[in-house]
1. Filter the stretch B:155-172 down to the residues that are over 18 Å from B:Met312 (Cα atoms) and surrounded by fewer than 21 Cβ atoms within 10 Å (Cβ to Cβ) and list them by number.
2. Filter the stretch B:234-251 down to the residues that are open to solvent by 10 Å² or more (accessible area, probe 1.4 Å) and touching a helix residue (DSSP H, G or I) at 6+ places or on another chain (Cβ under 7 Å) and list them by number.
3. If I go through the stretch A:1-31 residue by residue, how many of them are closer than 30 Å to B:Leu139 by Cβ and either near DNA strand D (Cβ under 10 Å from one of its atoms) or within 14 Å of another protein chain (Cβ to nearest Cβ) (or both)?
4. What residue, of B:Phe100, B:Phe80, B:Phe115, is open to solvent by less than 30 Å² (accessible area, probe 1.4 Å), part of a strand (DSSP E or B), facing another protein chain (nearest Cβ under 10 Å) and closer than 27 Å to B:Gln310 by Cα?
5. Which numbered condition in (1) within 12 Å of chain A (Cβ to nearest Cβ); (2) without any contact (Cβ under 8 Å) to a residue 12 or more places away in the chain; (3) not hydroxyl-bearing (Ser, Thr, Tyr) is the only one that B:Gln34 fails?
6. Hey, can you tell me all the residues within the stretch B:1-54 that are of a type in the set (S, T, N, Q), buried (at least 16 other Cβ atoms within 10 Å of the Cβ) and over 28 Å from A:Ile49 (Cα atoms)?
7. Which members of the stretch A:194-220 meet the condition of being farther than 24 Å from A:Asp150 by Cα and open to solvent by 30 Å² or more (accessible area, probe 1.4 Å)?
8. Tell me the strands (runs of 3 or more DSSP E) entirely within the stretch B:264-351 that contain at least 1 residues that are more than 19 Å from B:Leu178 (Cα to Cα).
Protein chains: 2
Amino acid sequence: MATIKDVAKRAGVSNSVVSRAFNNYPDISEKTRQKIFDVAKELNYTPNIVAKNLSSKKQKTIGLIASGIFTENTKDTISFEVLKGVYTGAQEKEYELSIFLIDSLKQEQKSYTQFCRDRKIGGIILQGIRTDDRYFKELMNTDIPCVMVDVVSDIENRLIGSVTSDNYGASKKVAKHLLEHNHRKIAVVAGTRETYVNSERFKGTKKAFEEFGLELSDEDVMYGEFAEEKAYYLTKTYLEYKQPTAFICYSDLMAYGVMRAVKEKGLRIPEDVSITGFDDLLISNFTQPRLTTVRQDFFEMGKQSALLLQQMMESKEGKKLVYVENEFMERDSVRYCNEKQRKDEYSNGQTEYSNDYIT
Amino acid sequence: MATIKDVAKRAGVSNSVVSRAFNNYPDISEKTRQKIFDVAKELNYTPNIVAKNLSSKKQKTIGLIASGIFTENTKDTISFEVLKGVYTGAQEKEYELSIFLIDSLKQEQKSYTQFCRDRKIGGIILQGIRTDDRYFKELMNTDIPCVMVDVVSDIENRLIGSVTSDNYGASKKVAKHLLEHNHRKIAVVAGTRETYVNSERFKGTKKAFEEFGLELSDEDVMYGEFAEEKAYYLTKTYLEYKQPTAFICYSDLMAYGVMRAVKEKGLRIPEDVSITGFDDLLISNFTQPRLTTVRQDFFEMGKQSALLLQQMMESKEGKKLVYVENEFMERDSVRYCNEKQRKDEYSNGQTEYSNDYIT
DNA sequence: CTGTTAGCGCCTTCAA
DNA sequence: TTGAAGGCGCTAACAG
């Protein structure tokens with residue numbers, strides 16, 4: 001493989017000139033520049049990225065740290081979409097990308113900071129990590145630029161950005177949709193309490209209730225930790241003493257769990273119970289019934305993260321917030337709530353409508 | 001960040017001793033080794049991978065080149081599973097992983113070989129790439145060890161391995177399953193003709209027919225190129241002049257296309273037509289009806305690829321073939337073919353059974 | 001067992 | 001506009 005030396009020798013110049021030519025320095029005569037590129041092409045030379053990375057001051061590689069890829073539900077391919085987006089964004093500006101997938105099952109976690117230092121990573125994108133993680137905290141004490149996906153932090157004095165979507169607005173829309181469909185007995189299956197997206201979505205729900213002059217009761221809010229099984233069990237229990245006409249779920253995954261529990265109870269969706277999700281995973285278009293939810297463009301979020309990070313790395317400027325569009329997807333899991341259903345007291349059991357439809 | 005020098009100085013030894021200690025060379029006294037590790041821990045030192053990579057003869061990074069991630073059907077998350085597997089396998093033996101995702105839509109392809117050289121990649125895993133690709137051919141003319149997923153090549157004199165599953169056996173099992181369920185009017189929606197897995201699966205199908213004293217007619221074999229839409233259109237056309245009682249599809253994606261075409265024709269699955277797939281994608285458990293198919297463990301295939309590649313890189317030994325288990329998943333898209341259906345001539349239209357069930 | 005020396009391939013002052 | 005020299009952080013002979 002040709003090295004910079006070979007090109008230099010063949011072009012009759014010194015290494016440094018070749019280096020400058022390849023890095024678009026202006027202080028090179030057009031003639032030699034051309035000569036160098038000609039020779040390079042002839043020798044099929046491209047700079048070695050490893051050596052470049054080692055010697056250069058400039059940071060041209062970014063990292064993606066993603067958690068929950070291994071342990072989580074395989075139905076969840078969000079991380080993959082983010083990864084594709086980040087890759088695309090990095091590619092666009094010719095940054096190298098190094099990925100770090102965290103397997104939360106394994107004990108031997110590694111320091112994010114270490115990960116960056118060891119690879120000369122100049123900036124990092126964080127996806128699905130917990131802000132109470134010790135390695136996250138450690139990272140926050142460094143000066144490595146960070147972009148977080150779906151987390152907006154209040155950390156000051158630090159190069160940190162966020163990419164997310166309008167969780168508040170979308171969530172409000174979902175709740176209003178249900179409210180407008182005459183639902184009043186609504187249960188909320190929220191995610192993880194301390195989480196940014198959860199609190200945004202919760203605000204949205206509450207706001208919608210408010211606008212209808214209603215209040216959301218604590219006992220109708222469950223915390224499913226964004227997990228299908230957890231949501232399933234919570235719903236099972238909930239249904240033993242209450243029967244809402246609708247469930248608002250803060251993730252599709254949880255909606256699947258709720259659907260299962262609801263069906264097992266012998267209730268029909270959406271005839272007896274309406275259900276909404278959030279995310280629009282692949283499967284949501286294939287569930288029975290198809291899930292009404294909020295589509296998030298995770299690919300775009302990944303891409304924007306990479307772009308934002310690169311910009312931060314180059315300009316050394318701080319705190320940016322980028323929003324990516326989301327979209328309310330009205331499908332088949334929500335139906336108008338009739339007066340009878342609406343007036344029925346919460347009961348310990350099934351409504352008369354549903355007895356025949358156990359699936 | 002602490003460098004090797006800092007450790008050396010603090011431990012009162014030279015750089016090379018520290019280097020050796022960290023690379024587990026035996027020629028170091030237990031005492032100094034211990035001393036070095038102590039100091040390293042104290043200084044929070046870990047070797048810089050970039051520098052290591054540059055200076056070392058040993059190749060400790062592998063690459064994954066995957067195609068079709070961007071352009072293909074988003075229902076297909078196979079590449080992602082492979083990626084996770086490769087990552088896990090690399091991680092296990094402390095290899096670095098560099099990924100190269102090919103966007104076939106973009107014109108500006110890059111040389112695989114270049115990709116490897118530029119990053120000092122010592123071995124490469126290929127997934128979803130075409131063997132008639134010019135860059136693939138170029139790569140084959142180098143001495144870079146390769147492992148291919150789901151491609152078994154006949155290239156000689158070269159460090160090359162393959163990881164796949166028993167496509168022949170699984171495919172045979174599928175066909176026999178249909179045959180045993182009394183189906184005789186069977187159409188095959190094959191994939192891409194020149195492809196390894198396609199030919200293996202085809203052999204399996206033929207073998208099963210043979211064992212039943214039957215022969216597969218050319219006119220009942222379509223080539224859907226593993227694409228949902230292609231399969232959909234082929235099936236639409238096919239159904240205009242023939243009505244099989246079963247479709248064997250060489251991928252789930254194509255099965256979805258076939259299902260759609262079949263339903264649009266007003267035929268019921270599996271009452272009128274049985275359908276089988278191959279791969280067991282996420283959605284196949286949620287289609288209507290749930291798809292009978294062959295589950296492939298793509299994660300394991302990715303992992304085994306990484307392991308095999310590493311072994312090849314270390315031992316310089318050649319041509320290995322690793323099989324990963326697959327599993328026949330009997331679900332709801334296949335049903336026993338009754339005598340009436342079986343005897344019906346291929347007709348230009350629907351059977352009498354299905355007229356009422358247009359969905 | 002340990003230190004010395006010379007790179008790996010490139011970038012980056014500093015002088016010319 | 002160019003060249004020389006030093007260095008990025010580490011490994012790898014080769015002495016000792």
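1. Kept after step one, since they are over 18 Å from B:Met312 (Cα atoms), are these residues of the stretch B:155-172: B:165-172.
Listed by number, the residues that qualify are B:Asp166, B:Tyr168, B:Gly169.
2. B:Lys236
3. Looking only at the stretch A:1-31, we keep the residues that are closer than 30 Å to B:Leu139 by Cβ, and these are A:1-11, A:15, A:18-19, A:21-24.
Next, only the ones that are either near DNA strand D (Cβ under 10 Å from one of its atoms) or within 14 Å of another protein chain (Cβ to nearest Cβ) (or both) stay: A:1-4, A:6, A:8, A:11, A:15, A:18-19, A:21-22.
Of the residues in that region, 12 qualify.
4. Numbers: B:Phe80 fails: part of a strand (DSSP E or B); B:Phe115 fails: part of a strand (DSSP E or B).
The match here is B:Phe100.
5. (1)
6. Answer for the stretch B:1-54, where residues must be of a type in the set (S, T, N, Q), buried (at least 16 other Cβ atoms within 10 Å of the Cβ) and over 28 Å from A:Ile49 (Cα atoms): just B:Thr32.
7. If the condition is that a residue be farther than 24 Å from A:Asp150 by Cα and open to solvent by 30 Å² or more (accessible area, probe 1.4 Å), then A:Glu210, A:Glu211, A:Phe212, A:Gly213, A:Leu214, A:Glu215, A:Ser217, A:Asp218, A:Glu219 are the ones that fit.
8. Details: elements: B:274-276, B:293-296, B:320-324, B:326-329.
Answer list for the stretch B:264-351: B:293-296, B:320-324.
The values are calculated or read from the model by the stated rules, or taken from the named source; none is laboratory data. The structure displayed is predicted, hence computed values, not measured ones. Every residue, glycine as well, gets a Cβ built from its backbone with ideal geometry; the counts of neighbours run over all protein chains shown. Calculation scope for accessible area: heavy atoms of the full protein, side chains included, ligands and nucleic acids excluded. Shrake-Rupley method; radii C 1.70, N 1.55, O 1.52, S 1.80 Å.
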